[in-house]
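Here's the structure, in structure tokens; my notes come after.
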Amino acid sequence: MKKLSAILVLSLFVLCSMFAQKVDESELRGVNETVEFINYTGPHKVIDSASAIKSIGTGLGNSITPSRSSTAGNRNKYYVVHAVDASESGKLDADILFIGKDATVDHIKNLRRIISGYLQSAYGYSEKDADTLAVFVTVYNAVYRGKYDIYSKKYKKVVTDNLSSSNCGLSVNYKDWPGKSEIVIPLYDVNGGISTVDTSVISDSKVVESMKEDDDRNVDSRKDMVDLKEREAENANEKAQAAQKEAAESQKELNEKKQEADEAQKEADEAQKKADEAQKKADENPNDKQAQKEAEEAQKEADEAQKEADRKQQEADEQQKKTDDAKEEAKKQQEFADKKQTEAQNERKEIANDQQVVQEKQMAEERLQTEYGIIIVDEKDMLSRLVKFNTTNGDIVRKSPVSVIRNRTIYHDSDMFLAVAGENTGNGTIKLVQIDQENMEITRESNEILAEDSVLVKDGDNYYCVIDDNGKWVVAKYDSSLTLLLKSDVAVKSETPITVTPSGVVVTDTNGQLRLLSSKDLSAITKSSSDAKSAGDAK
């Protein structure tokens, strides 16, 4: 297949009419169904490294104080509220990541890098664990986007006070992220460590079911979550054993203190009995000074004995609380360990089944008769996406993540496709790009910026389009590796048609006049009317 022009696209639309609308709806369906993130996957004006993007989150994490509520960041870019309240029990603390109106993040991978960096610096997670948690955090927030009632039931007031009914959670569309995102990260243990983030909450059944809808069923991320939960269980088991040992030692000490308290109370009771007898004797002999003195001394000894008994009892009570706390901690840690282990075991079974399904699907796809085509995903701006489809029934087998192909034109060249792609929004721009055939992702892009309404015309092994040349639009000639070979001296309309003829290349200049350019160097063969008039005046 050498060329997928507008004609081929129209024929493809006829073939795919029964499912084209279904595809568009699938990409935009609500969080009650499948979560499919819509990302900007075209060229960028500025390309930041993965480490630079992750450092945004790292900086936020370095600035918060885990033990108390705190904030960090720039409200117009990226901002975190660490919302904790020890006085309220029964609900969760949380961190809330806000994406400000001036933020430029436009792909879920980069948003996850920011979250991962935050979790690493704030709570000491390893990079792998933080990356895993970031995947689940984003899906969790997309599943519960706008579900304020669910957040309010699960989270403390200090958390929900920072959420709004319309923006809580995360939209599936990157265009809705700036100024409209309140990403909730549930916290199980604010003291940091492997169980800081509540993995059970962010991997509940709705989240996992949503993740299963991806082609690969998110098997790798789910495996990593299972591994994390198993390590949580192991860690909790160790804590439970330590708490049980502490409880046993504490119980032994408690028994000793109880015995001491009982003996002290007996001594106090005996002393009080003697004091009462002495007082009775003194009362019977009011004029006996010795009897009065003995009664006072006896009562003093009884009071001291009771004071000592009370002290011993207080020590026993304190030891009782220490013992009860140790037993409760052991119970809590064991229950937590059992819960995580059960979740991990159940999920491992599901993953094994899903792996089989994925393998069978891949084998089935290999037997299909398939072809490549493009479908429109944005009718307003006429943006298209490359797809691989079953030629027997028109079902889409695989979709390219690149959904910003312009002007419904793409060319197949060897093992790749060439197209004009991108948007002039945020950090996005428009360039000539290569899309690989296997993964259908952008692998290379031109250095030059293209007009958003530029055509793309193939001539042999070369390609023509319209590029920006210091503020004016000119015709450019590229080879298949996206190396700029030539550019015209003649300024053209950005939307000019480009027609390759035996005589040269026909374009429309900025005055609306047809011009013939040399195919050898793109110099003007046809003079403009203004040039002709100037030449006539000179004569």
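The values are calculated or read from the model by the stated rules, or taken from the named source; none is laboratory data. Note that the structure is a prediction, hence the values are computed from the model and not measured. Neighbour counts run over all protein chains shown; Cβ positions are idealised from the backbone, glycine included. Remember, those area values only see protein heavy atoms, side chains included, never the ligands or the DNA or RNA. Shrake-Rupley method; radii C 1.70, N 1.55, O 1.52, S 1.80 Å.
Things to note:
- Summary value for the chain: 12 percent relative contact order, contacts being C-alpha pairs under 8 angstrom separated by 6+ residues.
- Folded to 0 to 90 degrees: helix 289-367 orientation relative to the chain principal axis, Cα: 30
- Where labels lie 7 Å past Cα in the beta-carbon direction, separation of Asp325 and Lys339 in nm: 2.2
- Accessible carbon and sulfur surface of the stretch 198-268 relative to its total accessible area, %, 1.4 Å: 38
- Reducing the stretch 260-338 and the stretch 453-524 to their Cα centroids gives an inter-centroid distance of 102 Å.
- Site pair Gln314 and Lys77 shows an inter-label distance of 5.6 nm when each label is modelled 7 Å from Cα along Cα→Cβ.
- Cβ-Cβ FRET estimate between Glu234 and Glu360, R0 fixed at 35 Å, reported to 0.05: 0.55
- Pairwise FRET efficiency - Gln290 versus Lys349, Cβ, R0 = 56 Å, nearest 0.05: 0.05
- Computed helical MRE - 222 nm, the chain, DSSP H runs ≥ 4 contributing -39500 (n - 2.57), nearest 500: -15500 deg cm²/dmol
- Straight-distance crosslink candidates among aspartates and glutamates, where the alpha carbon sits under 15 Å from Lys54 and sequence neighbours closer than 8 are dropped: Asp106, Glu127, Asp129, Asp131
- Positive-end extreme of charge dipole, the chain - chosen from Gln355, Ala275, Ile498 (charges on Cβ): Ile498
- Of Lys239/Lys321; Lys156/Lys327; Lys154/Lys399, those spanning more than 25 Å from alpha-carbon to alpha-carbon: Lys156/Lys327; Lys154/Lys399
- Subset of Lys175/Lys349; Lys77/Lys332; Lys91/Lys229; Lys109/Lys458 violating a 32 Å alpha-carbon distance limit: Lys175/Lys349; Lys77/Lys332; Lys109/Lys458
- FRET E, pair Glu263, Ser70, Förster distance 45 Å, beta-carbon r, rounded to 0.05: 0.30
- Projecting the Cα atoms of Val159, Ile449, Val219 onto the charge dipole of the chain (Cβ charges, centred on the Cα centre) puts Ile449 farthest toward the positive pole.
- What you get for the chain, charging only the Cβ of Lys and Arg (+1) and of Asp and Glu (-1), is a dipole of about 2940 debye around the Cα centre.
- Cα-based helix-to-principal-axis angle, 127-143 vs the chain, degrees rounded to 10: 80
- Nonlocal amide H pairs with Asn173, under 5 Å, H built at 1.01 Å: Ile38
- Inter-probe distance in nm under a simple model that places probes 7 Å from Cα toward Cβ, at Ser165 and Asn511: 6.3
- Between 0 and 90°, nearest 10: helix 529-538 axis offset from the chain longest Cα axis: 50
- Across Arg408, Arg222, the residue with the most accessible area heads the list, and the full order at a 1.4 Å probe is Arg408, Arg222.
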